[in-house]
Amino acid sequence: GHTPARRLLGRLRTRRERWTELDTLLADELERAVSPARRAAICFRRGELAERRLERCDDAIAHYGSALSHAADFRPALRALGRVFASQGRHEELIQTLEQQLAVATDREERLSLLLRVAQTWESQLGDPMAALTAYERLLAIEPGHLVALRALHRLYAAGGRCADLVE
């Protein structure tokens, strides 16, 4: 279990910025954790520790991935993975993570925001106008009057010589 003494030890290590020792404590706690939700939360905490305190992005990615292996819809880990992939310029992995977020997103505005990021990443970072078009069209299926997506479609169709498609 999670005894008060272990909790106190964790707080002390945090206060004294003994991050490696805190990571070891979390690893021990992970071995004792039974529920998938608890295991996901511990892995996420280890990921945050690796990303923000130990500056070990590869470890952070591994921990966030482990959190998702315990709870595939654990949104904090999905958002964190997206943040790390974006900061490292790992755009293909960013898009995969955004698509995973889309799969669990229930809020309309969140879905629109995620699709816009997917489309803009395909267009701007990866230079794939066809994939960008598909993402913008998915966005327009949810919000037909979305101005940013409409302008992007116009720009991409015009650049690709597909002006006739704009009429449809």
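The values are calculated or read from the model by the stated rules, or taken from the named source; none is laboratory data. Just so we're clear, the structure is a prediction, and the values are computed from it rather than from any experiment. Backbone-built Cβ (ideal geometry, glycine too); neighbour counts: all protein chains shown. Keep in mind that these areas ignore ligands, DNA and RNA; they rest on the heavy atoms of the full protein, side chains included. Shrake-Rupley method; radii C 1.70, N 1.55, O 1.52, S 1.80 Å.
Within the range 23-40, the set of residues being open to solvent by less than 30 Å² (accessible area, probe 1.4 Å) and either closer than 22 Å to E93 by Cβ or within 19 Å of the chain's Cα centre (by Cα) (or both) comprises A40 only.
Flag: R45 does not match the condition of being open to solvent by 50 Å² or more (accessible area, probe 1.4 Å), under 16 Å from the mean Cα position of the chain (by Cα), within 23 Å of L153 (Cβ to Cβ) and not β-branched (V, I, T).
Does R56 qualify as being open to solvent by less than 80 Å² (accessible area, probe 1.4 Å) and of a type in the set (K, R)? When the stated conditions are applied, R56 does not pass them. Restricting E55, E92 to residues that are under 24 Å from Q125 (Cβ atoms) and modelled with pLDDT of 95 or more narrows the list to E92. Every test in (1) at pLDDT 95 or above; (2) surrounded by fewer than 21 Cβ atoms within 10 Å (Cβ to Cβ) is passed by L78 save one, and that test is (2).
Beta carbons closer than 9 Å, at least 6 apart along the sequence or on distinct chains, pair a first residue in the range 60-71 that is in a helix (DSSP H, G or I) with a second that is open to solvent by less than 40 Å² (accessible area, probe 1.4 Å) and acidic (D, E) for A60/E51; I61/E51; H63/E51; Y64/E51.
Filtered by the rule that a residue be farther than 20 Å from I142 by Cβ and acidic (D, E), the range 74-111 gives E92, E93. Checked against (1) open to solvent by 70 Å² or more (accessible area, probe 1.4 Å); (2) over 24 Å from R38 (Cα atoms); (3) part of a helix (DSSP H, G or I), P144 meets all criteria but (3).
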